[in-house]
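Notes follow the structure.
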Amino acid sequence: MNFLFPIIIKRTGFALLTLFAISILIFAGLEALPGDTAQAILGQGATEENLAALRKELKLDLPLATRYASWLGDLAHGELGNSLSNGRPVADMIGWRFENTLILAFSAAAVSIPLAIVLGLICALYQNSWLDKFLSTSTLSAISLPEFFVAYLLIVIFVVQFELFPSVAILRPDMAFLEMVNVLVLPCLTLTLVVLAHMMRMTRAAIIGVLSSPYIEMARLKGVRRVKIIFYHALPNALAPIINVVVMDLAWLVVGVVVVEVVFVYPGLGQLLVDSVSKRDIPMVQAAGLIFACTYIFLNLSADVLSILSNPKLRHPK
Amino acid sequence: MKKESKWIKLYKASPLSARIGLAIIIFGLAVALFAPLLAPYGESEVVADVWLSPGGEHLLGTDQLGRDMLSRIIYGARNSITIAFITTLIAFFVGAFLGLTAAVTGGWLDHLLSRIVDIFMAFPTLILALMILSVLGTSVPVLIVVVALLDATRVFRLARALAMDIAIMEYVDAARLRGEKTLYIVRREILPNALPALIAEFGLRFCFIFLFISSLSFLGLGIQPPTADWGSMVRENSGAINFGILTPLYPAGAIAVLTVSINMVVDWFLHRSAQIRA
Amino acid sequence: MTEPTIKTIPPERLLTITGLEIQGKQDGKWRKVVKGVDLHLNRGEVLGLIGESGAGKSTIGLAAMGYAREGCRLSAGTINYLGKELRNAPESELESIRGYKIAYVAQSAAASFNPSHKLVTQFAETPLAHKMMTFHEAKTKAEDIYGRLFLPDPAGIGFRYPHQVSGGQLQRAMVAMAMACDPDIIIFDEPTTALDVTTQIEVLTAIKEVVKKSNCAAIYITHDLAVVAQLSHRIMVLRHGLCVEEGDARSMLDAPREKYTADLLAVRRQVKEVSPPKAEEPLLKVENITAGYNNGPAVLHNVGFEVLRGRTVAVVGESGSGKTSVARVITGFLPQSEGMVYFDGIEMSPYLKHRDKDRLRKWQMIFQMPDVAVNPRHKVKDIIGRPIRFYYNPGRKETARRVSELLDMIELNDTYLDRYPSELSGGEKQRVCIARALAAQPELIICDEVTSALDQLVAEEILKLLQRLQDELNMSYLFITHDLATVRAIADDVVVMYQGRVVEHGPRDEVFTPPHHEYTQLLLSSVPKMDPDWLDQVLAERRRLSA
């Protein structure tokens, strides 16, 4: 285990470094505005007073490094500043929405990951069977469908035709669990379909890749039964690539969540981000962006660590 | 003559899915090219009532302002495809050139570029694009440059990995030993061998960028009205769905059909070059 | 074809293969790779299957287990193991025989052991599946066999993972795994090909030991006649999927019936006549070179030798000896930290990019893998023409004339001009590489294992060609090789390397006649000879010395 420790520390270090670079990037985004930031935000019609107030609000009167340091310090304390559009603290507006987004993303992941792995495994096992061919062709098409197309198609089928679910997914704190599930079904299904195809194809490819290695042939020549070959000989070695695929697709999910929230008017972080971008509410965009980035980097890091842990060469050094 | 027969042979060996895909792509390009000749009405001409159902004078009905949907989709083909294509070209040339050069030169240049790309790739593209657009505002040139540069990082990764695999080949060693310049090695020794993979990547990148810009437009942060663009048209007409009107599905379907077609052709191409290598 | 009746089968007969045809899928069409082969195997017998690449020997070996690789099928014939037909038998029946009654030893143990499981767990897998023994019993048995195969620490080695064990040891652990259920037949598929000669002899000894003491039969597949001579009672020579000849091992080695077998036998017996060196300034002088990769530990320590004009120096050593690194220092790919390379008395910069074009022209290189040494997207005329244009640029007509001339020198002709490398055989590709080197009109050619990727008969042709070109053009060669037969065939002088140091160097015959340095002795004595008694003699000699 002491051998793994330095590698994991190194990866964590890189993740933190990336986060640092991103914080600079986000901060620099504000600075990169052509001309006066406050002017650019408020537009030509702004009065001098408003401009001065905004400059103070954005601490534009201080030098660059100082501003960055204080911004970072505020972040560390959870002070994300105030929204430009309605003046309310950013943290208050983000908190519960982030929770909603997590609920949606997790439920989609909980459905799609096991489903994708099982289907991928079946396709790999019964390579070139009609089921494999059917799934391969349909997933190839599904990969290239835009999320909103999938979403509207589902709405047409389940809302317009069968009137099973609501087309607008509004969550209220006082909702019963079943009611919540009812609201979540369509957005969750959309997200699942969006990531499922890719995740399944990659799982299939990873397992087929392992199945073509000499040690699998050796196992067959040792008379090992098919089921045991899959679960004992192939799966432990396919784990690392599968983990990477899953995490890569969770990243797709982060992107998909934004579009899906907009389609279903779901009160999550993605919806808020899109609204804030169109209003050019920069503190809000920064905060929401940073949260998405942190989630994403955390996911990447955990994939890294998990695939290191699943590698026998690293677990048992010479 | 010899070249032509090679293309015919290639076509004859292709599966049905690739042929259908190819036909749709060519049809799409033709529509984009001859949009003004084909469209029955103007791009933003209000011709009838709002959300007319398909049939009669308006084959696909009308949109939320009473514009002819078919005409808008035809013009949309031109706008959406052109913008995505230019973006892909830029992403590709920047990414592939830097990627190949970094792999062959090595040293600090490679390190610097790779680290920058690592950082960009450790960040979801859509979020990054949204943040940049919130600062710079949405206009077509900004959109093209931002999306192209973000995607160039992906192309860079692939081109560099490809070139790294080729650069360890002994024929590249032979060229180096002869005293060949870096540019010759990239152009004559590496590029011809990386080309099939790069062409396939171009198709996939185009697909990805096309979807990405459509998503941005759908979110209202890409191509702005009144320009006809498939992604924005979905957004503009999204309200219709609640009345059971299928209007937003037409542009969304057009996007889906085009990207699926490209994917089918690329898939066959990848399959074929994998077979040749084995 | 005549089916042997039950009565004619001797009681000790284990396996009978008749009229075996195997097809492989190529460009969507089925083509025969094995075209009707008959084979039989009796208890206590070792059958050697020998042939060059494409002979179908491994495919036949796998077919003996009723197995065909992906893209292959057993299309005709019978494979009869103790009365059971294995061709197209149901998978469940094959599973009950494979590993249990017929076991397999693969070429690369490193790739064929599952990286995720311990050696002893993989050893115990088949015995446990057949409920032959408990895990504890399997462990005890593994220990016993590991010991008999001279593996160090037999009790502990089983609890290691494959990547924690060296190549030669892993290969022996694989032999042990094949022995786990005391099978009737073991199929050895080139089990020593990937190993160094000094390691090969250990594995060969282990295999011989095991086969002799157990009551099993074996099929030993290899391309190396000298190896097969040590183990086999009977030898079958295969070519292009057909049997060339089959017979008792000793009589075939003494008097082969077919010319092809005779050619294979003669292949490693070529010896160059060496003239004594003239006293003159060396063309290439390597002085006190110390070098390492990426600031890592040094892989070369104080290496020095000379190459005289018109002579061939062979640098011999096993993997890890540093012989390839020497070539990389000389060519400038690996800048040395100490020492100097002189060419024609002039100091060479350690860095490739600081060397001038005319210097670079004067030495050329030929590589190990002809498949990757020529750009698959260039035509032959461009591959050979580029150095001419690059160094001399004599105009189109003259370049074309030179290319034709060079093709002639390498015994090819103008029909090759417009071909791509994929349309050439391995030997032809290597000839094109030679022509590319000659095109620069060099004074020295560095040959890095130029024959090791080729079949033996082809390799011999290449060596002959190189010798003829040297006689005509008076070039010097620096040969990097692990193969002592190649050294005998081509070298005037020899440099023996071991663990990054030169242990012995001088004229070939001086180095090759005793007294030797200890390592040279080990190396020379480990190279298998065609003599079937060679292995026993070497082992007896080594035991005598150590006693």
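The values are calculated or read from the model by the stated rules, or taken from the named source; none is laboratory data. Note that the structure is predicted; figures quoted are calculated from it, not measured. Note that each Cβ is placed from the backbone with ideal geometry, even for glycine, and that neighbours are counted across all protein chains shown. Ligands, DNA and RNA are stripped out before the accessible areas are found, and what is left, the full protein with its side chains, is counted by its heavy atoms. Shrake-Rupley method; radii C 1.70, N 1.55, O 1.52, S 1.80 Å.
Of note:
- Whole-number D in µm² s⁻¹ for chain C, Kirkwood Cα-pair radius fed into Stokes-Einstein, 25 °C, 0.890 mPa s: 95 µm²/s
- Summed side-chain charge close to C:HIS516 - residues other than C:HIS516 whose Cβ falls under 11 Å, Lys, Arg +1, Asp, Glu -1: -3
- List C:TYR81, B:TYR184, ordered by accessible area with a 1.4 Å probe, largest first: B:TYR184, C:TYR81
- Taking all Cα pairs closer than 8 Å and separated by 6 or more residues, the relative contact order of region C:377-441 comes to 51 percent.
- For C:SER75, distant residues with modelled amide H under 5 Å away: C:GLU21, C:ILE22, C:GLN23
- Amide H partners (placed H, <5 Å) of C:ARG239, local residues excluded: C:VAL244
- Angle of helix C:197-213 to the longest C-alpha principal axis of chain C, folded into 0 to 90 degrees and rounded to 10: 10°.
- Simple spin-label estimate for A:SER85 and A:THR137 gives 4.6 nm between the two label positions (7 Å along the Cα-to-Cβ direction from each Cα).
- Charged side chains reduced to their Cβ positions (Lys and Arg at +1, Asp and Glu at -1) give region C:429-470 a dipole of some 200 debye around its Cα centre.
- Proximal lysines to C:LYS285, defined as alpha-carbon separation beneath 25 angstrom and excluding residues fewer than eight positions away on the same chain: C:LYS272, C:LYS323, C:LYS353, C:LYS357, C:LYS362
- Cα long-axis angle, helix C:380-391 against chain C (0 to 90 degrees, to the nearest 10): 30 degrees
- Counted charge near C:GLY317, where neighbours are those whose Cβ lies closer than 12 Å (Asp, Glu -1; Lys, Arg +1): -3
- Segment C:SER546-C:GLU85, extension gain: residue separation times 0.36 nm, minus the distance between their alpha carbons: 161.0 nm
- Segment C:ALA279-C:GLU472, length gained on full extension (0.36 nm per residue, minus Cα span): 67.3 nm
- Residues listed by number, region C:87-102, amide nitrogen under 20 Å from C:THR134 label point at 7 Å toward C-beta: none
- Karplus-derived 3J(HN,Hα) values for region B:32-49, using 6.51 cos²θ - 1.76 cosθ + 1.60 with θ = phi - 60°, are 4, 5, 9, 3, x, 6, 7, 6, x, 10, x, 4, 10, 8, 7, 10, 7, 6 Hz; glycine and proline are entered as x.
- Size-normalised alpha-carbon gyration radius of region C:464-547, reference 2.2 N^0.38 Å: 1.29
- Cut-off 17 Å (backbone N to label point 7 Å along Cα→Cβ of B:ALA161), residues of region B:180-204: B:194-204
- Angle in degrees between helix A:269-279 and the longest Cα principal axis of chain A, rounded to the nearest 10: 40 degrees
- Cβ-Cβ FRET estimate between A:LEU314 and C:SER53, R0 fixed at 30 Å, reported to 0.05: 0.25
- If R0 equals 30 Å, the separation of the Cβ atoms of B:ILE199 and A:VAL227 corresponds to a calculated FRET efficiency of about 0.15.
- Listed residues B:PHE85, B:LEU246, B:ALA161: farthest to the positive end of the dipole of chain B (Cβ charges): B:ALA161
- Each DSSP beta bridge with both residues in the protein assembly as shown is either parallel or antiparallel, and the antiparallel ones are about 60%.
- Karplus-derived 3J(HN,Hα) values for region B:91-108, using 6.51 cos²θ - 1.76 cosθ + 1.60 with θ = phi - 60°, are 3, 5, 5, 5, x, 5, 4, 5, x, 5, 5, 4, 5, 7, 6, x, x, 5 Hz; glycine and proline are entered as x.
- Listed pairs C:LYS57/C:LYS429; C:LYS32/C:LYS131; A:LYS222/C:LYS141; B:LYS9/C:LYS25 exceeding 28 Å between Cα atoms: C:LYS32/C:LYS131
- Computed from label points 7 Å out along Cα-Cβ, the spacing between C:LYS272 and A:VAL181 is 8.2 nm.
- Where labels lie 7 Å past Cα in the beta-carbon direction, separation of B:ALA13 and C:GLN521 in nm: 6.0 nm
- If the chain linking B:ASN242 and B:LEU183 were pulled fully straight, counting 0.36 nm for each residue of separation and taking away their Cα-Cα distance, it would gain 15.4 nm.
- What the Cβ-Cβ distance of C:ASP27 and C:PHE333 gives, at R0 = 41 Å and to the nearest 0.05, is a FRET efficiency of 0.60.
- Sorted largest first by accessible area at a 1.4 angstrom probe radius, with every protein chain in place, the residues A:TRP71, C:TRP534, C:TRP30 fall in the order C:TRP30, A:TRP71, C:TRP534.
- A simple rule links phi to the HN-Hα coupling: the Karplus curve 6.51 cos²θ - 1.76 cosθ + 1.60 with θ = phi - 60°, which for region A:283-288 gives x, 5, 4, 4, 5, 5 Hz, with x for Gly and Pro.
- For C:TYR104, distant residues with modelled amide H under 5 Å away: C:GLY99, C:ILE187
- When region A:176-318 is described by a simple charge dipole with +1 on each Lys and Arg Cβ and -1 on each Asp and Glu Cβ, the residue from A:ALA176, A:VAL263, A:THR203 located farthest towards its positive end is A:THR203.
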